[in-house]
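Notes follow once the structure below has been shown.
The values are calculated or read from the model by the stated rules, or taken from the named source; none is laboratory data. If you're wondering where the values come from, they're calculated on a predicted model, not measured in any experiment. Here the Cβ is made from the backbone with ideal geometry for all residues, glycine too, and neighbour counts use every protein chain on show. Surface accessibility is based on the protein's heavy atoms, side chains included, excluding ligands, DNA and RNA. Shrake-Rupley method; radii C 1.70, N 1.55, O 1.52, S 1.80 Å.
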Amino acid sequence: MPSPPVPPALSATSAKRIVIIEDQTAIREMLAEILRIDPAYKIVGESGDGQQACQLCLDLKPDLLVLDARLPGLSGVDILRRIGKQLKSMRVLVFSAYESPALVREMLEAGAHGFVEKTAGLGEFKKGLETIAHGGTYFGPGVAALLRTVVANTS
């Protein structure tokens, strides 16, 4: 029996280009290191400052943005409101320690495609990033539970 064809390796041009905006240096560097191992992704920029993040995204035009909600300079919501209309094809995964109903709503209204809480773990983060990279929407378990509660209480 012949062996199945081997899928072609991803080329650098087919890798999703990512910008990471996270004010905690160790977390930002760890995310970048973990994603550099995966040939599906290419880190093209990093920042820990909200004001700088806007210009970085406008200059680099990433496919994916990993965005913290609370940053010095501008919040994640403010960043999305400023650049979202100019970068319509960019997909956004919010990765934040804050997960209030108001924040989740604001981030989604501003253009986020997914939201994973930092307490969820690396596997959940990667699942969220992969899902939004392929056009889906993703919520980590804490955010999903929060949304279920909010929806259940409003019906």
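Values for this structure:
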read-out: Region 95-154 - Debye-derived log10 I(q)/I(0), Cα point model, q = 0.25 Å⁻¹; value: -1.06
read-out: Å² per residue, accessible surface of the chain at 1.4 Å; value: 54 Å²
read-out: Segments 58-65, 117-124, 18-25, 147-154 sorted - mean Cβ within 10 Å per residue, highest first; value: 18-25, 58-65, 117-124, 147-154
read-out: Distance in nm between pseudo-label sites at Lys61 and Lys85 (7 Å out along the Cβ direction from Cα); value: 1.9 nm
read-out: The chain - percent of accessible surface contributed by carbon and sulfur, probe 1.4 Å; value: 56 percent
read-out: Hull shadow area, averaged, region 20-155 [alpha-carbon convex hull, nm²]; value: 7.6 nm²
read-out: Relative contact order computed over the chain (Cα-Cα under 8 Å; 6+ residues apart), in percent; value: 17 percent
read-out: C-alpha center-to-center spacing [region 17-73, region 75-139] in angstrom; value: 12 Å
read-out: Angle between the chain longest axis and helix 141-154 axis [Cα atoms, degrees, rounded to 10]; value: 40 degrees
read-out: Size of charge dipole - the chain - debye, nearest 20, with Cβ of Lys, Arg +1 and Asp, Glu -1, no other charges; value: 460 debye
read-out: Residues Thr149 and Asp23, FRET efficiency given R0 of 30 Å [Cβ-Cβ distance, rounded to 0.05]; value: 0.60
